[in-house]
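Please read the structure below before turning to the comments.
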Amino acid sequence: LLGSDGAVRPTIFAEMSALASSTGAINLGQGFPDEDGPAEVLDAAREAIAQGVNQYPPGRGSAVLLEAIAAHQHRFYGLDVDPQREVLVTAGATEALAATILGLVEEGDEVLTLEPFYDAYGALIELARGVHTTVPLRSPDFLPDHGELRAAVTDRTRLILINSPHNPTGSVLPVETLDLIVELAHRHNAIIVTDEVYEHLTFRVAHVPIASRPGARERTITISSGGKTFSTTGWKIGWAIAPSEHITAILAVKQFLTYVNGAPFQPATALGLGLPDEFFVSAAATLERKRDILSAGLSAAGFTVSRPQGGYFVIADAAPLGYADAADFCRRLPELAGVVGVPLSAFCHPRMAAETASLVRFAFCKRVDVLERAAVQLAGL
Ligand code: PMP
Ligand code: GLN
C-alpha cells in the first residue's frame, strides 16, 4: 500500500481532489455531493449533540439505529431482520467491508469482484492476504457475462463481492445475474458480500437486494451506509446486515478497528431511514436530472457516453475526441477544460488496460449550476 518511495500512496480520489483544488478546476473526480441533504437529518445530529449523545455508543450501534436499519429493510425490501443479532453499525460502508474481509478471508482465499472495482476492495483483499479474482464489466452496458461469472467462481472462492448500483460504471445487476450468483455461491460454498451504498439512487429501475432473492439470505452480508442516501458522506455511518454468525465474525474485527463510531450521527441517520417515501423518490429523481445534464454536456463535447442506471458516475469515452490515453487526458483536463475526472483504469488491474484506456469516470452528484458550467467548459475541447 506504499509507493516505491516509501510514502503513503494517496487514493485516486485524494489525488484528483488535490488536482482540482490546486488548479481551481471543477471537481467531477471524487464522488461526494456539494449540497447538504435533508434538513431534518442535519437537525437531528445537532439535537443529539445538544442532548449529550457524545460518548461511546453501544458496540453494535445505537438501539434506535439498529431498529431503523431493520425497519428500512422491511419497508423497502420486505426482509425481516433481527436488529439485535443481525445488524452491526460501522464507520461507513468502508469499515463494514474491511471488517468483513479481514474477518472472513484467510491467506490464499479467493475473493471475486466485478472489475472495474471500487478501490478499497483491492486494498482490503491485499491486507487480508487474499487472492483477488475478477469478472470484467465491459462497455457499453458494464454487466458481467454469465459464462465468465460461472468460470470465475470455484471451490477456492470464499467471498463473491458485488456492488450494485456499481461504482464506477453505474450498472445495476439484473435479477437473472443475482440469481446466478446465488446459485454459484451455493454450489461452491461461497459467501456473498453485497455493497449497496447507492441502493436509493437508481434511475427508473428498482434496486433489488440480492438478500431478497430465493436462497440468498443465509449466505449474504449486505453492506450499506447513510452517506450517499442523505448526502452525509463525512459522517461515516454504515452497517452490515447478515446472519448472526457472520455478524459475530465482523464484530470481532470491528471492535478493534474503531470499537464504535459517530454517536450523534447514529440517531440522525436513523431518522433519515424513516423519512417518507417522497424523500427517497425525489433524491433519485434529482440525481437522474443531474445525470442527464452532465451526460448531455459530455455528448455535446464529443465524448461517447454510457447510460448509468444508478449511482453517482457516468463513463465517457475520450477516444472520439482524439484522446486515446485517459490517464494522460485526465492529468491535462484541468488545463484543457477546467474540469477533473478520473481515468477508469484507476479501478482496474493492468489486464483491463486496453479495454479501459480511453474511458473517464465523471461524477454528477454536484449542483446543477456546477454541472452546467462543466458542460460549457467541456464544449471547448
Ligand atoms: N462502496 C462504494 C461502492 C462506494 O462508492 C463508497 C463511497 N465512495 C463506499 C463503499 C464507502 O462508503 P462509506 O463512505 O460509507 O465508507
Ligand atoms: N466513493 C467516492 C468515489 O468513488 C470517494 C470515496 C473516497 O474518497 N474514498 O469517488
Just checking, which of T113, T169 is within 16 Å of ligand 2 (Cβ to nearest atom), closer than 20 Å to R219 by Cα, at pLDDT 95 or above and in contact with a helix residue (DSSP H, G or I) (Cβ under 9 Å, 6 or more places away or on another chain)?
T113
Residues that are within 16 Å of ligand 1 (Cβ to nearest atom), surrounded by fewer than 20 Cβ atoms within 10 Å (Cβ to Cβ) and outside any helix (DSSP H, G or I), drawn from the range 8-32
P10, T11, F32
Does the range 45-66 contain at least one residue that is within 16 Å of ligand 1 (Cβ to nearest atom) and under 30 Å from E126 (Cα atoms)?
yes
Can you find a residue in the range 315-323 that is touching a Pro at 6+ places or on another chain (Cβ under 8 Å), among the charged types (D, E, K, R), modelled with pLDDT of 95 or more and outside any helix (DSSP H, G or I)?
no
Of the residues that make up the range 90-98, is at least one of a type in the set (V, I, T) and more than 16 Å from ligand 2 (Cβ to nearest atom)?
no
Scanning the range 144-161 residue by residue, those surrounded by 18 or more Cβ atoms within 10 Å (Cβ to Cβ), farther than 17 Å from H246 by Cα and in contact (Cβ under 8 Å) with a residue 40 or more places away in the chain turn out to be A152, V153
Residue within the range 92-99 that is assigned to a helix (DSSP H, G or I), closer than 27 Å to F230 by Cβ and over 15 Å from the mean Cα position of the chain (by Cα) present
yes
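The rows are residues; the columns are (1) touching a helix residue (DSSP H, G or I) at 6+ places or on another chain (Cβ under 7 Å); (2) over 26 Å from A249 (Cβ atoms); (3) among the aliphatic types (A, V, I, L, M); (4) exposed (fewer than 13 other Cβ atoms within 10 Å of the Cβ).
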residue	(1), (2), (3), (4)
R46	no, yes, no, yes
I49	no, yes, yes, no
N54	no, yes, no, yes
P57	yes, no, no, no
V64	yes, no, yes, no
A70	no, no, yes, no
Q73	no, no, no, no
L79	yes, no, yes, no
P83	yes, no, no, no
For the range 93-115, give me the residue count where each residue is within 16 Å of ligand 1 (Cβ to nearest atom), surrounded by fewer than 24 Cβ atoms within 10 Å (Cβ to Cβ) and not β-branched (V, I, T).
3
Taking the range 207-230 and keeping only residues that are within 22 Å of Y118 (Cα to Cα) and either assigned to a loop (DSSP other than H, G, I, E, B) or within 16 Å of ligand 2 (Cβ to nearest atom) (or both), one is left with H207, V208, P209, I223, S224, S225, G226, G227, K228, T229, F230
Which numbered condition in (1) assigned to a helix (DSSP H, G or I); (2) away from ligand 1 (no atom under 16 Å from the Cβ) is the only one that V41 fails?
(2)
Counting just the residues of the range 237-263 that are surrounded by 23 or more Cβ atoms within 10 Å (Cβ to Cβ) and touching a helix residue (DSSP H, G or I) at 6+ places or on another chain (Cβ under 6 Å), which one comes out farthest from L28 (Cα to Cα)?
I250
Show the residue pairs that are 6+ apart or on different chains and have beta-carbon atoms under 8 Å apart, the first residue being within the range 89-107 and touching a residue at least 60 places away in the same chain (Cβ under 8 Å), the second being part of a loop (DSSP other than H, G, I, E, B) and within 12 Å of ligand 2 (Cβ to nearest atom).
A91/K236; G92/G227; G92/K236; A93/V197; A93/G227; T94/K236; E95/K236
Answer with yes or no whether L275 is closer than 25 Å to Y118 by Cα and either surrounded by fewer than 24 Cβ atoms within 10 Å (Cβ to Cβ) or touching a strand residue (DSSP E or B) at 6+ places or on another chain (Cβ under 8 Å) (or both).
no
Could you give me the residue pairs with C-beta distances under 7 Å whose first residue belongs to the range 10-21 and is farther than 16 Å from G338 by Cβ, whose second residue is part of a helix (DSSP H, G or I) and more than 8 Å from ligand 2 (Cβ to nearest atom) wherever it lies, and which are 6+ apart or on separate chains?
I12/A346
Look at the range 289-343 and say how many of its residues are buried (at least 16 other Cβ atoms within 10 Å of the Cβ), among the charged types (D, E, K, R), under 22 Å from K228 (Cβ atoms) and more than 16 Å from ligand 1 (Cβ to nearest atom).
1
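The values are calculated or read from the model by the stated rules, or taken from the named source; none is laboratory data. Source: prediction; values computed, not measured. Please note: Cβ atoms are built from the backbone with ideal geometry, for glycine as well, and neighbour counts cover all protein chains shown.
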